[in-house]
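To start, the structure under review is shown below, and the notes come after it.
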Amino acid sequence: MRLELFRMERMQSLHWHRVDYDLSESGVLPLTVAEIFGNGTDPAALLHTPLGYPLSEGSEELRRRIAAFYPGASTENVTVVNGGSEANHLALWALAEPGTRVALMVPNYMQGWGLGRHFAGRVDVLPLRLGKARWELDHAALARAVTRKTRVVMVCNPDNPTGSVLDEDEMAAVVAAARRVGAWILADEIYRGAELAGEEPTASFWGRYSRVAVTGGLSKAFGLPGLRIGWVVAPPKLVETVWRRHDYTTLTPGMLSDRLAAAVMEPANRGRILARTRAIVRGQWPRLEAWLRRHEAHFRWVAPQAGAIAFAKLRARGSSAALVERIRREQSVLLVPGEMLGAGRGIRFGFGYDIERTLAGLARVEAALEA
């Protein structure tokens, strides 16, 4: 089957280095190599690293430390790949068979939409609804979306673009729906650890059901997209299947990335880095929310629960994709429209980078909104 255009990624690839203000980013201000080694280790030691092939599944040390982030997991449940996107790609390739269906939670990062249609043939929508305090699971839609032909139920938790987090009842409902038809749950948890309240990471789907695969990585909550480290946590047989497919894509992670990721995932270091991320999102969200409040005539939103992203629905009629394109062309500000996220009319705002530059970019957006 033909692979359709991944509209959001194509837009970002074309424009993100060519605008004055990029507000399409969904992570936090990246760490430097020196900041990774905050425990006193000299980063100069990396200069002596032989740049050969690392283990294709990731080093034993890295996989052990990733496993420790998921209660009950061990190294045999982990394989390391190049970024969360490759993790999702390989997991869907392993799970979604031709003639089956994928049930995809939306709004979402729409990689699952394109790949689900490519590998399975059909994707059914499992929508979140904008409630009074957060985006909520539509239980009736869940029952309709998960059928006897469903092979994979794919969720993003915490969610991109809304920043919502499924509560325990909602997670139990997803598990029950998947168990009812023997489907797999594929949980993209790459924003886990970037919560706006509390000190514990968002509860994982790992361990709730025998057919669960979790994807994660260092790009979002950890602020290290340049390392291109992602992973799949799954039962050993599925891990082996994903690993075999990795032989056909990028083969291995990079040697330096493996070494640096192992340092990041050392438990004390991991806690320090995620605390930094939580401080960023907690300190900067009120600044964005204050801007949104000044423009309540244009937007309807709820506060995100995790991540450096917020989604605001447009009150006015018309295409948000057209509005975002006009803002890019006339104001040199890049945003993500809801149509590229399965969300209808609305805009995703990233607020995890330099907040003063973010607000300067939003000042330009005001002109387009008033027009």
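The values are calculated or read from the model by the stated rules, or taken from the named source; none is laboratory data. Fair warning: this is a prediction, and the values are worked out from it, not measured in the lab. So basically every Cβ, Gly included, is an ideal-geometry build from the backbone, and we count neighbours across all protein chains shown.
Data table
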read-out: Close pairs (9 angstrom Cβ cut-off, 6 or more residues apart or separate chains): among the polar types (S, T, N, Q) in segment 7-22, at pLDDT 95 or above anywhere; value: Q12/D22; Q12/S24; Q12/E25; Q12/L334; Q12/V336
read-out: Selection count where residues are outside any loop (DSSP other than H, G, I, E, B) and basic (K, R), scope segment 137-168; value: 2
read-out: Inter-residue pairs, beta-carbon under 6 Å, first surrounded by fewer than 17 Cβ atoms within 10 Å (Cβ to Cβ) and in segment 199-220, second part of a loop (DSSP other than H, G, I, E, B), 6+ apart; value: G207/G72
read-out: Set G84, G121, G72: member being over 18 Å from Y209 (Cα atoms), surrounded by fewer than 20 Cβ atoms within 10 Å (Cβ to Cβ) and not charged (D, E, K, R); value: G121
read-out: Condition broken by A213, with the remaining ones in (1) closer than 24 Å to T79 by Cβ; (2) over 16 Å from the mean Cα position of the chain (by Cα); (3) of a type outside the set (S, T, N, Q); (4) not in a loop (DSSP other than H, G, I, E, B) satisfied; value: (2)
read-out: Residues of segment 238-295 satisfying the condition of being in a loop (DSSP other than H, G, I, E, B), hydroxyl-bearing (S, T, Y) and within 23 Å of the chain's Cα centre (by Cα); value: T249, T250, T252
read-out: Criterion violated by R134 - all others in (1) more than 22 Å from S26 (Cβ to Cβ); (2) surrounded by fewer than 24 Cβ atoms within 10 Å (Cβ to Cβ); (3) not hydroxyl-bearing (S, T, Y) satisfied; value: (1)
read-out: Residue match in segment 350-359 (condition: among the aliphatic types (A, V, I, L, M), at pLDDT 95 or above, closer than 28 Å to G223 by Cα and in contact with a Lys or Arg (Cβ under 6 Å, 6 or more places away or on another chain)); value: yes
read-out: Complete set of residues in segment 322-353 that are buried (at least 17 other Cβ atoms within 10 Å of the Cβ), within 21 Å of the chain's Cα centre (by Cα) and not in a strand (DSSP E or B); value: L335, G338, E339, M340, L341, G342, A343, R345, F351, G352, Y353
